[in-house]
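The values are calculated or read from the model by the stated rules, or taken from the named source; none is laboratory data. Just so you know, these numbers come straight off a predicted model, no measurement behind them. A quick note on method: Cβ atoms are made from the backbone with ideal geometry, for glycine too, and the neighbour counts reach across all protein chains shown.
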Amino acid sequence: MISIENVSKSFTLHNQGAATIPVMDGASLQVAPGECVALVGQSGSGKSTLMRMIYGNYLAAAGRIMIDDVDVASAAPREILQLRRYTLGYVSQFLRVVPRVPTVEVVADPLLATGAERGAALARAQVLLENLNIPERLWALSPTTFSGGEQQRVNIARGFAYNYPALLLDEPTASLDGKNREVVMAMIEEAKARGAAIIGIFHDEAARDRVCDREIDVTGFTPKAAA
Amino acid sequence: MNPLLNVGGISKFYGHRIGCKDVSFDLYPGEVMGIVGESGSGKSTLLNCLAGHLAPDTGAVNFDTRVDGMRDTVTMSEPERRMLSRTDWAFVHQHARDGLRMNVSAGGNVGERLMAVGARHYGEIRDQATDWLGRVEINADRVDDRPTAFSGGMQQRLQIARNLVTGPRLVFMDEPTGGLDVSVQARLLDLLRGLVREMNLSAIIVTHDLAVVRLLADRLMVMKDGHVVETGLTDQVLDDPQHGYTQLLVSSVLQV
Amino acid sequence: MSDYNFAYLDEQTKRMIRRAILKGLAIPGYQVPFASREMPMPYGWGTGGVQVSAAVLTPEDTFKVIDQGADDTTNAVSIRRFFEKTADVAVTEATAEASVIQTRHRIPEQDLRADQILVYQVPIPEPLRFLEPSEVETRKMHALEEYGLMHVKLYEDISQHGAIATSYAYPVKVEGRYVMDPSPIPKFDNPKLNMAGIQLFGAGREQRIYAVPPYTDVVSLDFEDYPFEASKADHACDLCGATDSYLDELIVDDSGKRMFMCSDTDYCCSRRKAGHIGAQGVPYAEDAA
């Protein structure tokens, strides 16, 4: 489902003497449907960078990033948007929403984007919010004023609203209490069971051991200090 | 799927000075493209060339018309182009008073485009105008008030209603949230986003506000000194800018 | 008489105005620019109409001038005398006897014939002017037949007054093409714009001439659900009893007593001569002042 071949990445800082910082080289990995792969490696080793490249948020310098039959590394913006709408979900660590939009709409949004019927989309959003223990009185409010943990759960609900065949999870269980953590673990297991290919970053080792089938150490993709 | 708009090699010069130079892109149905850059970067010149307000010196702006398919709007006759700008195109000005008739009631402002394309039933025109006021969150009882009695945000929403009432397919927006309070901006952005999705609108939004394009635009075009220096997916351009100018632009945004 | 060229204007100017008139007749409702001359009267007193009359008058013509339907107001009398003096033409107050009629704000009640010319004095020839201040833009709108704005004005009327409140200078579409301001005639007169006579419109200050040839289709703009109505005061003339003529309302004493009478004085007199008497009228007497 997800196939990465020989991907490299560097940042060129034009406004700081055009310094070029190579951050990744020769990254390759495969994830099959129903499989969950954890990216590991110390902080700053490029886990999030790789994940962002897979999502098309960062531009890969070289290599191929195949999701289904789309190469994210070379696809046109609208192909990537299409991919994000129907194929590739992403739960980031931060919630970014239009101010003033009610939480329930934020969660239903990915479903509505796929053309789902409004009533059904809102119903699904309510189920997710309920499962994730967001009090009903908050559903009609914008999540911008919520606490960090609440925002994280809204973000997860949003990421799981639509059944994407491929999912990227960046620290989905960080800042969650035990009860909610358990809910999220179950959601990930459910996604795997329906055949989703998942790549995740988990600092929480217990969580990682429980849902992940394999670990890939991204330190192996760090460019060799040739210079 | 065919592009709705196919822009090829648009250049506009002001004497020896470059307005915009050799701009080309495709815009697909339902796509929202943002054009960002600082004042004087040529983004408004480009928008005005695309919308037919300025005649470009070179290049073509091909639009997928309902009747004849792809037509170059630069070389088409003026009546045809004006007809297009009353039906399939819409233009939202930065200053609502440039896009509204300030001495005509809200209902008349919204109804004008309907009457321009031949609507001659007062009751139906008024019903549609009232319906559109509702969609842009203006109370129906304000239908007979003049825009001079409206707040800035309401005027801007009225301008949007006036533009969208004929169900256009392509909307040009020039700094649609410029000059509005932040809270009013948010409401407007939310509204625009909903309408864009609901009506499957294609839009080209010129702005210097990166937060606006992050929320509204699928794609981004960054302009500097009349040239396009970078294009791409909105979040990619903003989070991983490749060109030095874009990096400067992104890093110059104040954080709150 | 010998001090003036016939009908005051020099022959070159008359030729220039006649060319504008012919062009106007060829393109019904289209505003033809012309080089308006200084006339020995102020703008707003009919300089446009006077120039058109001067250009069409021949020594054999019989001339009539009405102002708000009346032959005896200052404006009407002074213009009539002007042409008596400068053109030495016959003058009349009888509509049927006139070959050229200059008018301000009315069309005579009596139908005009094919051998008659009606010359209108026009203050503002551009019907779109109050909504679109730019002349460049209004010309373009005429050229491209973009007349939606005209209906915006009527829409505003209905939304504010519950009906189309425009009661004079009511816009019309001429021969399915140009939208035209019929000058400030009451909308009661609009149906009469479809006539056998030639209609010429002159705007002196604005330097425009336009025309409606005989038997041209002239349609008053309206909405399907608010159709055009040629309204008048719901009353009969108190002098002659006519129920089909446009009426002026007069307050005749300090207690506010009202009286309605035909605005077309010739029409009213003819009827009274024929023996018709209104509610407050007295039998016609030749010597009555």
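Summed over region A:143-164, the residues that are part of a helix (DSSP H, G or I), out of contact with any helix residue (DSSP H, G or I) (no Cβ under 7 Å at 6 or more places or on another chain), in contact (Cβ under 8 Å) with a residue 24 or more places away in the chain and over 19 Å from A:Ile201 (Cβ atoms) give a count of 1. Of the helices (runs of 4 or more DSSP H) lying entirely inside region B:88-156, not one carries at least 3 residues that are of a type in the set (S, T, N, Q), free of Cβ contacts under 8 Å to residues at least 24 places away in the same chain and away from chain C (no Cβ under 13 Å).
For region A:47-69, name all the residues that are within 17 Å of A:Ala32 (Cα to Cα) and surrounded by fewer than 18 Cβ atoms within 10 Å (Cβ to Cβ). Answer for region A:47-69, where residues must be within 17 Å of A:Ala32 (Cα to Cα) and surrounded by fewer than 18 Cβ atoms within 10 Å (Cβ to Cβ): A:Arg64, A:Met66, A:Asp68, A:Asp69. Do the conditions hold for A:Leu167, that is, is it aliphatic (A, V, I, L, M), part of a strand (DSSP E or B) and modelled with pLDDT of 90 or more? Against the criterion (aliphatic (A, V, I, L, M), part of a strand (DSSP E or B) and modelled with pLDDT of 90 or more), A:Leu167 qualifies. The residues of region C:132-162 that are more than 7 Å from every other protein chain (Cβ to nearest Cβ) and either hydroxyl-bearing (Ser, Thr, Tyr) or assigned to a loop (DSSP other than H, G, I, E, B) (or both), listed by number, are C:Glu132, C:Pro133, C:Ser134, C:Thr138, C:Glu145, C:Tyr147, C:Gly162. Among the residues of region B:22-54 satisfying the criterion of being without any contact (Cβ under 8 Å) to a residue 40 or more places away in the chain and either in a strand (DSSP E or B) or closer than 17 Å to B:Thr234 by Cα (or both), which is nearest to the chain's Cα centre (by Cα)? Among those residues, the one meeting the criterion is B:Asp26. Just one of the listed residues (B:Val196, B:Val229) is over 22 Å from B:Pro147 (Cβ atoms), at pLDDT 90 or above and not hydroxyl-bearing (Ser, Thr, Tyr), and it is B:Val229.
Here is a list: C:Thr103, C:Thr95. Which entry is more than 30 Å from C:Thr138 (Cα to Cα) and either of a type outside the set (A, V, I, L, M, F, W, C) or loosely packed, with under 15 Cβ neighbours inside 10 Å (or both)?
C:Thr95
With the condition kept exactly as written, say whether any residue in region A:189-210 is in a helix (DSSP H, G or I), closer than 26 Å to A:Val104 by Cβ and without any contact (Cβ under 8 Å) to a residue 24 or more places away in the chain. Yes: region A:189-210 contains one or more residues that are in a helix (DSSP H, G or I), closer than 26 Å to A:Val104 by Cβ and without any contact (Cβ under 8 Å) to a residue 24 or more places away in the chain.
Residue check: A:Phe221 meets all listed conditions (1) free of Cβ contacts under 8 Å to residues at least 40 places away in the same chain; (2) surrounded by 20 or more Cβ atoms within 10 Å (Cβ to Cβ) but one, namely (1).
Residues checked against (1) under 19 Å from C:Arg208 (Cα atoms); (2) of a type in the set (S, T, N, Q); (3) in contact with a helix residue (DSSP H, G or I) (Cβ under 7 Å, 6 or more places away or on another chain); (4) surrounded by fewer than 21 Cβ atoms within 10 Å (Cβ to Cβ):
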site	(1), (2), (3), (4)
C:Val122	yes, no, yes, no
C:Pro127	yes, no, yes, no
C:Phe130	yes, no, no, yes
C:Arg139	yes, no, no, yes
C:Gly148	no, no, yes, yes
C:Tyr155	no, no, yes, no
C:Gln160	no, yes, no, yes
C:Gly176	no, no, no, yes
C:Pro182	yes, no, yes, no
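The residues of region B:192-238 that are among the charged types (D, E, K, R), part of a loop (DSSP other than H, G, I, E, B) and under 14 Å from B:Leu27 (Cβ atoms) amount to a single one, B:Asp218. From the list A:Leu112, A:Leu95, A:Leu83, which one is within 14 Å of chain B (Cβ to nearest Cβ), among the aliphatic types (A, V, I, L, M), under 16 Å from the mean Cα position of the chain (by Cα) and closer than 21 Å to B:Glu31 by Cβ? Exactly one residue qualifies, and that residue is A:Leu83. Examine region B:154-163 for a residue that is surrounded by fewer than 20 Cβ atoms within 10 Å (Cβ to Cβ) and over 30 Å from A:Ser74 (Cβ atoms), and state whether such a residue exists. Taking every residue of region B:154-163 in turn, none turns out to be surrounded by fewer than 20 Cβ atoms within 10 Å (Cβ to Cβ) and over 30 Å from A:Ser74 (Cβ atoms). Only residues that are over 22 Å from C:Ser231 (Cβ atoms), under 14 Å from the mean Cα position of the chain (by Cα) and in a strand (DSSP E or B): list them for region C:169-204, please. C:Ile198, C:Leu200, C:Phe201, C:Gly202, C:Ala203 - these are the residues of region C:169-204 that are over 22 Å from C:Ser231 (Cβ atoms), under 14 Å from the mean Cα position of the chain (by Cα) and in a strand (DSSP E or B).
Within region A:188-218, which residues are surrounded by fewer than 19 Cβ atoms within 10 Å (Cβ to Cβ) and aliphatic (A, V, I, L, M)? Answer for region A:188-218, where residues must be surrounded by fewer than 19 Cβ atoms within 10 Å (Cβ to Cβ) and aliphatic (A, V, I, L, M): A:Ala193, A:Ala206.
Scanning region A:9-60 for residues that are within 14 Å of another protein chain (Cβ to nearest Cβ) and assigned to a strand (DSSP E or B) yields A:Lys9, A:Ser10, A:Phe11, A:Thr12, A:Leu13, A:Ala19, A:Thr20, A:Ile21, A:Val23, A:Met24. Residues in region C:1-57 that are among the aliphatic types (A, V, I, L, M), free of Cβ contacts under 8 Å to residues at least 60 places away in the same chain, closer than 15 Å to C:Ile117 by Cβ and surrounded by fewer than 22 Cβ atoms within 10 Å (Cβ to Cβ): C:Leu22 only.
Filtering region B:218-251 to residues that are at negative phi, more than 10 Å from chain A (Cβ to nearest Cβ) and either of a type in the set (Gly, Ala, Ser) or free of Cβ contacts under 8 Å to residues at least 24 places away in the same chain (or both) leaves B:Val229, B:Glu230.
Can you find, within region B:179-203, the residue that is surrounded by the fewest Cβ atoms within 10 Å (Cβ to Cβ) among those that are of a type in the set (A, V, I, L, M) and either closer than 15 Å to A:Val97 by Cβ or within 11 Å of another protein chain (Cβ to nearest Cβ) (or both)? Top of the filtered list is B:Val182.
Screening the candidates C:Tyr30, C:Tyr43 for the property of being assigned to a loop (DSSP other than H, G, I, E, B) and either modelled with pLDDT of 95 or more or acidic (Asp, Glu) (or both) yields one hit, C:Tyr30.
Confirm whether A:Arg124 is of a type in the set (Lys, Arg), outside any loop (DSSP other than H, G, I, E, B) and in contact with a helix residue (DSSP H, G or I) (Cβ under 7 Å, 6 or more places away or on another chain). For A:Arg124, the condition - of a type in the set (Lys, Arg), outside any loop (DSSP other than H, G, I, E, B) and in contact with a helix residue (DSSP H, G or I) (Cβ under 7 Å, 6 or more places away or on another chain) - is met.
For region B:198-217, the tally of residues that are without any contact (Cβ under 8 Å) to a residue 60 or more places away in the chain, within 19 Å of B:Leu4 (Cα to Cα) and out of contact with any Gly (no Cβ under 8 Å at 6 or more places or on another chain) stands at 1.
Inspect all residues belonging to region A:130-152 and state whether any of them is out of contact with any strand residue (DSSP E or B) (no Cβ under 6 Å at 6 or more places or on another chain), more than 22 Å from B:Ala186 (Cα to Cα), at pLDDT below 90 and surrounded by fewer than 16 Cβ atoms within 10 Å (Cβ to Cβ). The answer is yes; a qualifying residue exists.
Taking residues in region C:104-133 that are over 21 Å from C:Thr73 (Cβ atoms), and partners anywhere that are of a type in the set (Lys, Arg) and in a loop (DSSP other than H, G, I, E, B), the pairs with Cβ atoms closer than 8 Å and at least 6 places apart or on different chains are C:Leu131/B:Arg101.
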